[in-house]
There are 2 protein chains.
Amino acid sequence: MAKEKKLVESITSMSEDFAQWYTDVVKKAELVEYSGVKGCMIIRPDGYAIWENIQKELDARFKATGVQNVYMPMFIPESLLQKEKDHVEGFAPEVAWVTQGGLETLQERLCVRPTSETLFCDFYAKIIQSHRDLPKLYNQWCSVVRWEKTTRPFLRSAEFLWQEGHTAHATQEEAEERTIQMLNVYADFCEEVLAIPVVKGRKTDKEKFAGAESTYTIEALMHDGKALQSGTSHNFGNGFAKAFGIQYSDKNNELQHVHQTSWGMSTRIIGAIIMVHGDDSGLKLPPRIAPVQVMVIPISQRKEGVLEKAAELKDRLAAAGIRSRLDDSDKSPGWKFSEQEMRGIPLRVEIGPRDIEENQAVVVRRDTGEKAVVSLEELETFVGGLLETVQADMLARAKAHLAAHTYEAKNYEEFRDLIANKPGFVKAMWCGDEACERKIKEDTTATSRCLPFTQEPVGDTCVCCGKPAKKLVFWGKAY
Amino acid sequence: MAKEKKLVESITSMSEDFAQWYTDVVKKAELVEYSGVKGCMIIRPDGYAIWENIQKELDARFKATGVQNVYMPMFIPESLLQKEKDHVEGFAPEVAWVTQGGLETLQERLCVRPTSETLFCDFYAKIIQSHRDLPKLYNQWCSVVRWEKTTRPFLRSAEFLWQEGHTAHATQEEAEERTIQMLNVYADFCEEVLAIPVVKGRKTDKEKFAGAESTYTIEALMHDGKALQSGTSHNFGNGFAKAFGIQYSDKNNELQHVHQTSWGMSTRIIGAIIMVHGDDSGLKLPPRIAPVQVMVIPISQRKEGVLEKAAELKDRLAAAGIRSRLDDSDKSPGWKFSEQEMRGIPLRVEIGPRDIEENQAVVVRRDTGEKAVVSLEELETFVGGLLETVQADMLARAKAHLAAHTYEAKNYEEFRDLIANKPGFVKAMWCGDEACERKIKEDTTATSRCLPFTQEPVGDTCVCCGKPAKKLVFWGKAY
């Protein structure tokens, strides 16, 4: 018998060591390989194909709202980065600097973009003159660099891929509307495509983006009860416009500053897919984002007619618009099952000599392990329907997990107890004072995740200081 | 009457100053804006939309041959870049160096990738063990940096976008086959989609890629008779594999070095589209690559029903799968025509009150200026068919231009005369000696563009030294 290409090695169980489980999955599902540059990852074909599907879905949703794509330089001159005070303070400590070009030392250092607000502002100052030039709704897909000390694949890396939208508007109202609109695009995408429910809300001033007037966020809950900030949308007001001199003449021919937004989602979201849906057998991909939705696996493939039949089923599924593959390698069916499970492929179709005789196939769900025997006549219909069921069930399970791990705390004792012993979100009231926010973080390592849009008070007083409360906050430990 | 948003300024004519014409077109068709970083360009929505269409077409063609996409880090440690001697010599003088990360000085400099052979080799050395792991057919879409002194938008810039394919194979034959296969993908794409005919051939040793065993190229001829290298495909043999230790165990369990290829096409090709097809009214986009194929322009749009009818026509065309827009701005029809021509939109549909009365529209070709009156019943069919005709005619004209500007030289006097006075390719025989190649370049500034696959000798002796000739060469001045 042919030598197995490699063992499907067992991975650390989630309950034993969640962090190690995560690392095992990204490595063994072949999503990522480490590179020779500290903190920079190689995204392998199975990982990149997920990102391609994310891009395709998000890009279509952006364009449906009138957004156009552009490409800005990857370098930012130091003087340009320094134009907006809060912004440079937020980013300068974590950027990579180019100081030499070819054989010469540069007169001015260039930073490799950590984000491109300053470049877009410089560009907008050039191309915006009149109210007729507004709004500008630009986006770019690119890589950015942030010199992080501690890195983890997808979750925090020195270089990562993302999109960054940057818009300019005539009024503050319009900018605010766009900020919320794009947050909703992210939230809908997460729910509808990634089967990840999110909490939508505003960041506190302490947690907002460097240079923003307000930052909105979607927060997802991972399987271990930690939060992951999964997408953000910022309203800059006219702060950047004033720093960069971006003005337009309005209908009365008077000069006004534009109001701006920016919003981004990154490869970090792949970390969320892994940590929301995965299990001890590996990755579990929601069908709508899975690069391969169905793996056809022949049983006793050396028996006459089996491989041919398996190939025929794969072709039929592909013709029905289902992303399908055939595993005709010389590994045993058991190994193939384990690999398909590790890679998170939503369904497998098993077909062997007896199935052929009975004109049937066995369809197995990755999410539940459930098996069904299907007549070959009904294969495409059954598989197509089952993929939708799997998608819906995965979202339902993630929603149930979020609900079951969202707690309420009325006082500080309860709060500390929940944060220490019940991984998840804790809803608690807050006075609005940054001092309480800082104290909570020091005492518990939990941070304010957001002030949710849906404000349903759970009390009248701040959970920390006991003074009158202003807002309900979702608190939690976060990635 | 409303103030015009901006004038459609006249551009320099091609015959007066081709270089200035090019700069005017990229600027006034709003493809590119200059940035604050020398040699780095901002690709604006109309430019980037062309690149998106190029990506979509090429990516599908790559994937049809089994290629998978990945993403590699943008940084290369200096020690890694130095592993292959020829390669580092070729690229080190023109890379940008990162020397500081955050607040710290790096222990080892990192170069911003000028190309990623070294990264792929490092990766392949890790993941290739057995003949079962071969071939590896990876590609990435990314930006690269080359610290060029003299830059021009698309043609030569410090940063540009491209794809770079990198493959690893068990045998030299298989690597050679893949090298030629990808060159053909590029050539077919240029002809079928961009309406650009190319000359396919091999580069001389002097002109080949740093580290390659052989480099193949497609060469296109611009309107001014200069050549543009438009895509390259390299066979590395096992040189990189030896430098990086990329080995696999073959079927007899013996260790072998892999054989590698790489191949790339960049945003430079947008420069070719401009310079092959454009004219004194601006850009001229082949329909298959044009982001907008048809602009519907209402005449007397304030008359009742005109705007509604124009919008209806635009919707009908869009429903028929034709990329259409409506220009309902408050500019005059004349301005709108000029803008549509400047932007290279292949067709415009004019519709006014009299047309509505007659149940017709006027369709005007960008490539020839030809007008046709079409019954509205036949609009989609007519426009769809005309787009195909325009595409075919643009290719035919480019082919005719290439043929009319390809000359033959039998001796050095003829050769120098042609290069000096007849912009275009000169076919001439070559002895194979690099000395002659250098002399020709010194005497005429022309370079060997390629040794064409179709070798039809035009003589027996080297056009430069008169010794026996080995090969037919296409010579020309180049961008």
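FYI, it's all coordinate maths here, none of it is from the lab. Since this is a predicted model, take the numbers as computed values, not measurements. With ideal geometry, Cβ positions are generated from the backbone for all residues, glycine too; neighbour counts draw on all protein chains shown.
Numbers for the structure displayed
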read-out: Helix-only [θ]222 nm of the protein assembly as shown, DSSP H runs n ≥ 4, -39500 (n - 2.57) each, per residue, nearest 500; value: -11000 deg cm²/dmol
read-out: Degrees between helix B:434-444 axis and first principal axis of chain B (Cα, 0 to 90, nearest 10); value: 40 degrees
read-out: Net lengthening on full extension, A:E312/A:E377 (0.36 nm per residue, minus Cα-Cα); value: 22.1 nm
read-out: Binned Cα-Cα distance frequencies in segment A:40-116 - 10 Å width, integer %; value: 15, 29, 31, 22, 2
read-out: Point-to-point label distance, A:V458-B:K470, nm (Cα→Cβ direction, 7 Å offset); value: 8.0 nm
read-out: Label-point gap, in nm, between B:A319 and B:K441 - each point 7 angstrom along Cα→Cβ; value: 6.0 nm
read-out: Sequence ranges A:202-215, B:279-292, A:123-136, ranked by mean other-Cβ count within 10 angstrom, highest first; value: B:279-292, A:202-215, A:123-136
read-out: 10 Å Cβ neighbours from other chains, averaged over peptide A:136-147; value: 3
read-out: Intensity falloff of segment B:359-408 expressed as log10 I(q)/I(0), Debye formula with alpha-carbon point scatterers, at q = 0.24, 0.30 Å⁻¹; value: -0.88, -1.10
read-out: Counting all C-alpha pairs of segment B:109-157, share separated by more than 16 Å (%); value: 56 percent
read-out: DSSP beta bridge pairing in the protein assembly as shown, given as percent antiparallel to the nearest 5; value: 85 percent
read-out: Whole-angstrom gap from segment A:39-86 to segment A:88-147, using each part's C-alpha centre; value: 13 Å
read-out: Inverse mean reciprocal Cα-Cα distance (Kirkwood Rh) of segment B:320-442, Å; value: 18.5 Å
read-out: Principal axis dimensions, segment B:412-479 - Cα atoms, whole angstrom, descending; value: 25, 23, 19
read-out: Average Cα contact separation per residue, segment A:308-452, under 8 Å, 6 or more apart, as relative contact order %; value: 12 percent
read-out: Rounded D (µm²/s) - segment B:12-154, Kirkwood Rh over Cα pairs, Stokes-Einstein at 10 °C, 1.306 mPa s; value: 86 µm²/s
read-out: Overall Cα dimensions of chain B, principal axis frame, Å, largest first; value: 80, 59, 47
read-out: Average other protein chain Cβ within 10 Å of Cβ, residues A:24-37; value: 3
read-out: Three-way shape label, segment A:122-194, alpha-carbon gyration tensor, a/c 1.5; value: oblate
read-out: Paramagnetic reach from A:A64 in segment A:183-203 [backbone N under 13 Å; point 7 Å along Cα→Cβ]; value: A:184-193
read-out: Reciprocal mean inverse distance between Cα atoms of segment B:166-273 - Kirkwood radius, Å; value: 14.8 Å
read-out: Size of segment A:247-297 as Cα extents on the principal axes (Å, biggest first); value: 69, 22, 11
read-out: Distance histogram in 5 Å bins (all Cα pairs of segment B:23-63, percent per bin); value: 5, 22, 22, 18, 14, 11, 6, 1
read-out: Residue order, fewest to most surrounding Cβ atoms within 10 angstrom, among B:V185, B:V374; value: B:V374, B:V185
read-out: C-alpha center-to-center spacing [segment A:239-307, segment A:390-422] in angstrom; value: 25 Å
read-out: For B:R316, B:R113, A:R343, order by how many other beta-carbon atoms lie within 10 Å, fewest first; value: B:R316, A:R343, B:R113
read-out: Under 15 Å, Cβ to Cβ, from B:I356 - net charge with Lys/Arg +1 and Asp/Glu -1; value: -2
read-out: Tilt relative to chain B, helix B:306-319 - C-alpha long axis, 0 to 90 degrees, to 10; value: 30 degrees
read-out: At R0 = 35 Å, FRET efficiency that the Cβ-Cβ distance of B:A400 and B:S329 yields, to 0.05; value: 0.40
read-out: Helix A:117-127 axis, angle to chain A major axis (alpha carbon atoms, nearest 10°); value: 70 degrees
read-out: Relative contact order (percent, whole number), chain B, Cα cutoff 8 Å, 6+ residue spacing; value: 14 percent
read-out: Once the Cα gyration tensor of segment A:211-369 is diagonalised, semi-axes √(5λ) in Å; value: 52, 19, 10
read-out: Inter-chain shielding of B:64-73 (mean C-beta neighbours from other protein chains, 10 Å cut-off); value: 6
read-out: Cα-based Rg of the protein assembly as shown normalised by 2.2 N^0.38 Å, two decimals; value: 1.01
read-out: Distance-filtered residues of segment A:119-159 - backbone nitrogen under 17 Å, label point 7 angstrom along A:Q82 Cα→Cβ; value: A:119
read-out: Segment B:227-367 - charge dipole about Cα centre, Lys and Arg +1 at Cβ, Asp and Glu -1, debye rounded to 20; value: 320 debye
read-out: Cα-centred dipole magnitude for segment A:27-143, charges only on beta-carbon of K, R (+1) and D, E (-1), debye, nearest 20; value: 280 debye
read-out: Charge dipole (the protein assembly as shown, unit charges on Cβ, about Cα centre) - positive-most of A:V306, B:F18, A:Y412; value: A:Y412
read-out: Cβ-based exposure ranking for B:K427, A:K27, in which fewest neighbours within 10 Å come first; value: A:K27, B:K427
read-out: Inter-copy separations for B:A311, label at 7 Å along Cα-Cβ, nm, ascending; value: 5.4
read-out: Student exercise, segment B:106-187 dipole from Lys, Arg, Asp, Glu Cβ charges, in Debye to nearest 20; value: 380 debye
